[in-house]
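Notes follow the structure.
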């Protein structure tokens, strides 16, 4: 259901199915803005969180800029 723009019909269906809490006054439904926003947020995808392993193996890591000093001696 992610990355899709919900239509007015989707919202009406969610109210009718009880997925969005609403009260009825006469011929009108009253919907709490918080409940509507919570329903609409389900259509957006969540950001991807990278793990430490992804960061270490990333081609953009700054390990190419590191310098290492090595001393060798022969006895």
Unit Cα scatterers, Debye sum, the stretch 1-42: log10 I(q)/I(0) for q = 0.20, 0.26, 0.30 Å⁻¹: -0.60, -0.96, -1.19
Value of relative contact order over the stretch 1-42, rounded to a whole percent, pairs C-alpha under 8 Å and six or more apart: 34 percent
Likely footprinting exposure, 48, 31, fewest C-beta neighbours within 10 Å first: 48, 31
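FYI, it's all coordinate maths here, none of it is from the lab. No experiment lies behind these values; they were computed from the predicted model shown. FYI the Cβ positions are ideal-geometry reconstructions off the backbone, even for glycines, and counts take in every protein chain you see.
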